[in-house]
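In what follows, a single structure is set out as structure tokens and then discussed.
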Amino acid sequence: LLDDLLAYSRAGRHLHKPEWIDTEELVRDVTYLLAPPPGFVLDVCSPLPKVFGERVPLETVLRNLIGNAIKHHDHPETARVEVAASESDGFVEFVVADNGPGIEAAHHDRIFQVFQTLKPRDQVEGSGMGLAVVKKIVENQGGRILLTSAPGQGATFCFTWPQVKGAEGVSG
């Protein structure tokens, strides 16, 4: 819980040196580190673009979204996550979609609040901070995050991320 509170309080602070990030490689690294169960499928709609910025915040966002798709799936061994991205007006719009149980519309705003989970605390691991951290990071980057979901239809998180942040005129 303390680690999660620290992550939330640090979200948006510039603690790391900006660099070029191969987002396709980052998605694969994050998924590998999450150690999904056998049968889990990651579909990356290649190619994902490169962005210039701090790696850790983007990694945190992707780790939470992909990790939640695995953790909250009724049958994680059949979980499927698709990651896609498109570039527009200086931003990249990332889409992380899963085939999990879905989320009722009444809970779409609530899940981005601190300490919120959809299941009783004794039935879920985590503190309920993950999506609050994700939202804070995305918004501090100048982006936005949206959720489209319904029970039985999986969840699709779309978030925007600056193409280049912290280095005007840097090429890669």
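The values are calculated or read from the model by the stated rules, or taken from the named source; none is laboratory data. Please read these numbers as outputs of a predicted model, since none were measured by experiment. Ligands, DNA and RNA are stripped out before the accessible areas are found, and what is left, the full protein with its side chains, is counted by its heavy atoms. Shrake-Rupley method; radii C 1.70, N 1.55, O 1.52, S 1.80 Å.
Under 5 Å between amide hydrogens, built in the peptide plane, is the criterion, and for residue 154 it picks out 100, 102 among residues at least 5 positions away or on other chains. Share of carbon and sulfur in the accessible area of the stretch 43-93 stands at 47%, probe radius 1.4 Å.
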